[in-house]
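Here is the structure we will look at, set down as structure tokens.
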Amino acid sequence: MIRAESLTKHYGALHAVDGISFTVQPGEVLGFLGPNGAGKTTTMRMLAGFVPPTAGRAEICGFSVEDQPTEARRRLGYLPEGAPSWGEMTPREFLDFIARVRDLKGEQRRSRLDDVIGRLHLGKVLDQRIETLSKGFRRRVGLAQAILHDPPVLILDEPTDGLDPNQKHEVRELINAMAKDKIIVISTHILEEVEAVCSRAIIISAGRIVADETPAALIRRSRHHNAVTLRFEHAAGLNEAAADLRALGDVDHVEIDEATRSVTAFPKGNALILTRVADLAGERGWALSQLHLESGRLDEVFRSITEKEAA
Ligand SMILES: Nc1ncnc2c1ncn2[C@@H]1O[C@H](COP(=O)(O)OP(=O)(O)OP(=O)(O)O)[C@@H](O)[C@H]1O
Ligand SMILES: [Mg+2]
């Protein structure tokens, strides 16, 4: 388990992290979301024992990060933010070095190295200096380093930052595959990533937790949740169609987007209006290119939560 108790980090007058508490259980993939400068990286550094907290404490699998650092770190894989600084080494030298630091020996060492080199497709760049690798490959070397000793706890600061779409997909699959028996904490600015890999999302704003729920519950907070959007083939008749939709029972209001020839009908409360809207479209014989139920928009929820906090 990971436990954070009132974790706090002050830099002079700046409260970078301001009393953050949570626990994470095996099987959970926790996503940290939040605007630039919110305190995600600082929180992760404190969990990983890379900066000491000003106040509060962190525990990894029952070991205090500050008082039992060796025990805590043995159970932890950590991918720091941004580009790592082992430029002079090749991935082969660097991973060998990490294997030694992690005390991996003999057959176990060979099989763990083969495993991470294969998973992160590092075979082709093993003997090229890390500083000459592309950003995405440097990120993959960092990830390989974090999972090399197969730790029960992973803290990954923007693990897919700089990866191409194929690698993003592969790293998400990797996280999903490891999720069953591990505790994983990631930070990301990619909201679809939260839906794709996280079982829980914590939104941090100005050093504090402002939301802690499942991605599905967050999406339900969107004003678009259960709205129905119709895209019309032709612009003519858009306003009349909008008026018809507005008059439907359980429709609260409608919004017209001229640019995409779309009308979105928003339900009153949690009413389900899809069938009624579809029936109306059939009755009127509207020429539609799309009709869909909106699950909600995470970016809208993110904005509304973090902007409210900032104000
Ligand atoms: N060593 C430091 N000295 C002074 N201020 C710092 C230091 N490290 C971080 N900060 C400040 O702490 C705040 C939180 O930074 P942090 O890197 O944790 O944010 P973040 O949520 O990870 O942002 P991003 O999304 O941009 O990665 C920022 O205002 C940052 O400038
Ligand atoms: Mg950061």
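Tabulated data for the structure shown
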item	result
Near pairs, Cβ below 8 angstrom, 6+ apart or cross-chain, from segment 50-64 (more than 10 Å from ILE2 (Cα to Cα) and in contact (Cβ under 8 Å) with a residue 12 or more places away in the chain) to any residue that is buried (at least 17 other Cβ atoms within 10 Å of the Cβ) and among the basic types (Lys, Arg)	VAL51/LYS9; VAL51/ARG45; PRO53/LYS9; THR54/LYS9
Residues of segment 165-223 classified as of a type in the set (A, V, I, L, M), surrounded by fewer than 19 Cβ atoms within 10 Å (Cβ to Cβ) and closer than 17 Å to GLY39 by Cα, total	3
Some residue of segment 131-144 being in contact (Cβ under 8 Å) with a residue 12 or more places away in the chain, in contact with a Phe, Trp or Tyr (Cβ under 7 Å, 6 or more places away or on another chain), buried (at least 21 other Cβ atoms within 10 Å of the Cβ) and not polar (S, T, N, Q)	yes
Every pair of residues 6+ apart whose Cβ atoms lie under 6 Å, when the first sits in segment 7-21 and is assigned to a strand (DSSP E or B) while the second is among the polar types (S, T, N, Q) and within 16 Å of ligand 2 (Cβ to nearest atom)	LYS9/THR42; ALA16/THR42; VAL17/THR42; VAL17/THR43; ILE20/THR43
Failed condition for PRO35, given (1) more than 16 Å from ligand 2 (Cβ to nearest atom); (2) farther than 17 Å from SER6 by Cα	(1)
Meets criteria (away from ligand 2 (no atom under 16 Å from the Cβ), small (Gly, Ala, Ser), closer than 20 Å to LYS40 by Cβ and modelled with pLDDT of 95 or more) for SER205	no
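The values are calculated or read from the model by the stated rules, or taken from the named source; none is laboratory data. Remember, it's a predicted structure, so these values are computed and weren't measured experimentally. Reconstructed Cβ throughout: ideal geometry from the backbone, glycine too, with neighbour counts over all protein chains shown.
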